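Asker: Quick one: structure below, then a few questions.
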Amino acid sequence: MSAKFAALLAKVANFDLKFRPNRGRPVDLRGKSTGDALATICKGVVGFAIATAVSLGLLAPSVNALPPDRVYEMVSPPDKNDGDVGAGLFGNQTFAGAEGDRVIYMSLGGWNAPTNSVTGIYLAERGEEFWTSTSALLPVAPFSTLGGAVVSSMSADASRVIVGTNRHLNGEPAQNGEQGIFYLYDPLSGEAQLILPDLDIEGNPTENAFAEWVGNSDYSRVFMQANAALTEDAVGLPTSSGGPIYLFEDGEHTLQSVLPNGDAYRAELPTASRNGLTPNVTSEDGDVLYFQIWFGPSDPDPRGLYRRDFSGATPQTVRINDPETQEDPGGTPNAEFAGASSDGTIAYFTSNQKLVDEDEDNLTDVYRYDHSKPAGQRLTLISKDNNPDDPDAGINRVHNVSADGSTVVFSSNSQLVPGEPTGPGSKLYVARNGQVQFIGITGEGFSGEVNAENVALAQDGSLMALVTAAQLTAHDNGGFEQVYLRDNTAGEIECVSCLDGTANTAPAQFRASAALSMFGSAAMRAVRNLSNEGHVFFETTESLLPQDTNGKLDVYVWQDGELDLISTGRSTDHSFLAHATPDGKDVFFVTREKLSGWDWDDHLDLYTARVGGGLPEPPEPVEPCTGDDCQGPPPLPPAFPRPTTADADGPGNAEPGPVNCTPAERKANQLTQKAKRLEKKAKRLAKKARKASGKKAKRLRKQAKQVKRQAKNARQQASKARTQLELCREEAQL
């Protein structure tokens, strides 16, 4: 063995152990003989050789119970300090980024994290060989009451969080008691910006307990509702509901709850607390914000729903519920935001005013606002009663809005569609491009109303999944809640959790919205139970497939008429759906079952069942030697296995074939090229930023900074791949 090869093996062993928490200490070969060095690193090298072979596709991934295109990957770390990943008892505490390479999750008990009395919250990132978890919390001083640091919000790409604590980064305690302060925090880079301080600009303690947050996809723009004067123009605002709404961008606050006439007011960000789910309060790029004012002085009356646009040179505000009729609108000017398209162009809201000529009463109706149309022609009455045989009762609630703005789901006790049943109970509707379709009667009274979190829409509104106890198909649901999928184009509906030929004996359910903190302000986001590709993810204790034999909660996926298990159906405890990516390729779930060689305890762990996934598994444990077996170190196995004859009576071992380093070289080259492309992109963005001005320049600088970080990560991955390639080439020379 050459000295260079030994050095490379030591480097690999050190790298492997250093970056896998609690798997060992760095290897030191200084002063050791060759035999001792080999004995020291043998175990690590075997693991690395297997890891490298799997990552290069030379070894087949382990067999599992999943559909053939999915592979289990363990996301949470093996050593959890005797703690569990949060699930079940406290609802869902996981949020997956849109790309599936990042996920934020909660633990009951913390590991390798700042002190927190009850929970830990982590951002896990997928690497080439394993998932790495980093604490998403900042240090806290001891609380006199039960509680601790909290995550109050997170970006859609799961790269940044709003984290609350009671001390500054320099260790000084917050001066507003346990109201706390909040930081915009990037756990991976460690960058933290104070977004909600303990003192306002006049030196008064702030009341931060009920702050609300929304932002664009990466939180380079964050809008916050806070009961604090953080800017000069926020001092002494007229009394009304909510508080000032600020934009936090590039470390600065600007007041944004501004009316069309330029007057500033206290206002409210529409949040999940009001209507279950309220998608796209701000657009994906952060150029559009919706806010509402519920109370205020009578002259002028500021009440209403507002759209503020930041795409131009100066922000512009319009009230979207202004009447488009010459008749007296009656009712009250309050309007409740129900959802918007991801670009902010289309919004849905409810109002009891007669805002268009078609609206003939002051019952609560659903309206559609389209900003792309000329002023005065932007409103459409969606919940128009076209059925004279059933008295109009107004709408009960809006359940969901599709990301493209084409589709809205709502309910009413009135039958709006002629020829459909007019019996008592809540009636569920879907409106596609203004055309209302009746789905079914879901029940009477409060219990008959479908929860907003139990209605999911595909991005384009073509598919809808819902959970209801109403029997919407010929299948006997046993009187239990079941999961249904509706094709909103064809109008066809099917039960995806119903048994064939017999009644169900247990309910099926969606996982509710993601709430990452059990105490204090909670981060709320909808769990993706329906992907844009038609995957429906749900839980049930019912054995829907023969493989499901445990009688516990298990996670299922339905797509294109095929039903499969995500969890195995064999765990001795419940398994829980955690989250999924918009395309459904990653579905995260929590289980006690050991589905990876890295999982060595019986605690709850977070896994993903990833399409095209697969990460290196650890080597088989080495049995301790006894007697004559302890005669010096075993020979070092090659980094890549060579073929041998299997017949003991044959001519013996085959001649060693050449080691193929082409896959390793290809991988290294691809990662290097990726890094170069990202570096060039970062330079282009920086150049554009230098030529731009104002907010556009700030956004370009922010994008350049983010791409530069991505380039750095790609360089690190390329360096790892080069190390693997050098190892392969050294092996080829032996």
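The values are calculated or read from the model by the stated rules, or taken from the named source; none is laboratory data. Because the structure is predicted, anything quoted here is derived from the model rather than measured. Cβ placement follows ideal geometry from the backbone for every residue including glycine, while neighbour counts extend to all protein chains displayed. Ligands, DNA and RNA are stripped out before the accessible areas are found, and what is left, the full protein with its side chains, is counted by its heavy atoms. Shrake-Rupley method; radii C 1.70, N 1.55, O 1.52, S 1.80 Å.
Asker: Between Ile493 and Gln471, 0.36 nm times their residue separation minus their Cα-Cα distance comes to what? Write down the numbers at each step before the final one.
Answerer: On the way: separation 22, 0.36 × 22 = 7.92 nm, distance 1.11 nm.
Length difference between fully extended and current span is 6.8 nm.
Asker: Taking 0.36 nm per intervening residue step and subtracting the Cα-Cα distance, what contour gain separates Ser189 from Glu232 on full extension?
Answerer: 12.3 nm
Asker: Taking the Cβ of Ile293 as the center, what net charge do the other residues with Cβ under 10 Å away carry, scoring Lys and Arg +1 and Asp and Glu -1? Before the final figure, lay out the partial values.
Answerer: On the way: positive: Arg266, Arg303, Arg319; negative: Glu268, Asp301.
Its environment carries a net charge of +1.
Asker: Between Ile382 and residues 5 or more places away or on another chain, which pairs have amide H atoms under 5 Å apart, with H built 1.01 Å from N, and which residues are they?
Answerer: Hits under the 5 Å cutoff: Val366, Tyr367, Arg368.
Asker: I need to check one value: relative contact order of segment 198-270, counting alpha carbon pairs closer than 8 Å and at least 6 residues apart, in percent.
Answerer: Working: 141 pairs, mean separation 19.2, N = 73.
With pairs under 8 Å counted, the relative contact order is 26 percent.
Asker: Same structure again: From the backbone phi of segment 347-357, what are the Karplus-calculated ³J(HN,Hα) couplings (6.51 cos²θ - 1.76 cosθ + 1.60, θ = phi - 60°) in whole Hz, Gly and Pro given as x?
Answerer: So the Karplus estimates, Gly and Pro as x, are 9, 10, 8, 10, 7, 9, 8, 8, 8, 9, 5 Hz.
Asker: Through the Karplus equation 6.51 cos²θ - 1.76 cosθ + 1.60, θ set to phi - 60°, convert the phi angles of segment 589-599 into ³J(HN,Hα) values in whole Hz; use x for Gly and Pro.
Answerer: So the J values, rounded to whole Hz, are 8, 10, 8, 8, 5, 7, 10, 9, x, 7, 8.
Asker: If packing is taken as the mean number of other Cβ atoms within 10 Å per residue, what is the order of 211-223, 682-694, highest first? Write out the running numbers ahead of the final one.
Answerer: Details: 211-223: 22.9, 682-694: 14.0.
Result, highest mean Cβ count within 10 Å first: 211-223, 682-694.
Asker: Right, another one. Return the long-range amide H neighbours of Asn488 (sequence gap of 5 or more, or a different chain), with a cut-off of under 5 Å between placed amide H atoms.
Answerer: Amide H to amide H, under 5 Å and 5 or more residues apart or across chains, Asn488 pairs with Leu463, Met464.
Asker: With θ set to phi - 60° and the Karplus curve 6.51 cos²θ - 1.76 cosθ + 1.60, what are the ³J(HN,Hα) couplings of segment 388-404 in order, to the nearest whole Hz, using x for Gly and Pro?
Answerer: Rounded to whole hertz, the list is x, 7, 10, x, 6, 10, x, 9, 7, 6, 9, 9, 6, 9, 6, 5, 8.
Asker: Give me the accessible area per residue for segment 299-385, probe 1.4 Å, as a whole number in Å². Let's see the in-between values first.
Answerer: On the way: 3670 Å² over 87 residues.
Result: 42 Å² of accessible area for each residue.
Asker: Could you please state how large a percent of the accessible area of segment 358-508 is carbon and sulfur, counting protein chains only and using a 1.4 Å probe? Could you put the intermediate results ahead of the total?
Answerer: Values: 2790 of 6230 Å².
Using a 1.4 Å probe with all protein chains present, segment 358-508 comes out at 45 percent carbon and sulfur.
Asker: At a 10 angstrom cut-off on C-beta neighbours, averaged per residue, how do the peptides 229-235, 364-370, 436-442 rank from highest to lowest? Don't skip to the answer; put the middle values down first.
Answerer: Numbers: 229-235: 16.0, 364-370: 22.3, 436-442: 19.7.
Put in order of decreasing packing, that is 364-370, 436-442, 229-235.
Asker: In segment 308-337, which GluC sites (Glu not before Pro) are in a loop and have at most 14 other Cβ atoms within 10 Å, using DSSP for the loop call? Please list the in-between numbers first.
Answerer: Values: sites: Glu324, Glu327, Glu336; in loops: Glu324, Glu327.
Those that pass, being in a loop and sparsely packed, are Glu327.
Asker: Amide H neighbours of Asn400 under 5 Å, counting only residues 5+ apart in sequence or on other chains, H built in-plane at 1.01 Å?
Answerer: Placed amide hydrogens put Val409 under 5 Å from Asn400.
Asker: How far is it, in nm, from the label point at Asp389 to the one at Gln316 when both lie 7 Å from their Cα along the line to the Cβ?
Answerer: Distance between label points: 4.8 nm.
Asker: Go through 709-715, 506-512 and give me the packing order, highest mean Cβ count within 10 Å leading. Before the final figure, lay out each step's value.
Answerer: Numbers: 709-715: 17.1, 506-512: 21.3.
The most tightly packed comes first, giving 506-512, 709-715.
Asker: Let me ask something else about it. Could you work out the local net charge near Asp263, counting Lys and Arg as +1, Asp and Glu as -1, over the other residues with Cβ closer than 14 Å to its Cβ? Don't jump to the answer; show the numbers that get you there.
Answerer: Values: positive: Arg266, Arg303, Arg308, Arg319; negative: Asp233, Asp299, Asp301.
For residues surrounding Asp263, the net value is +1.
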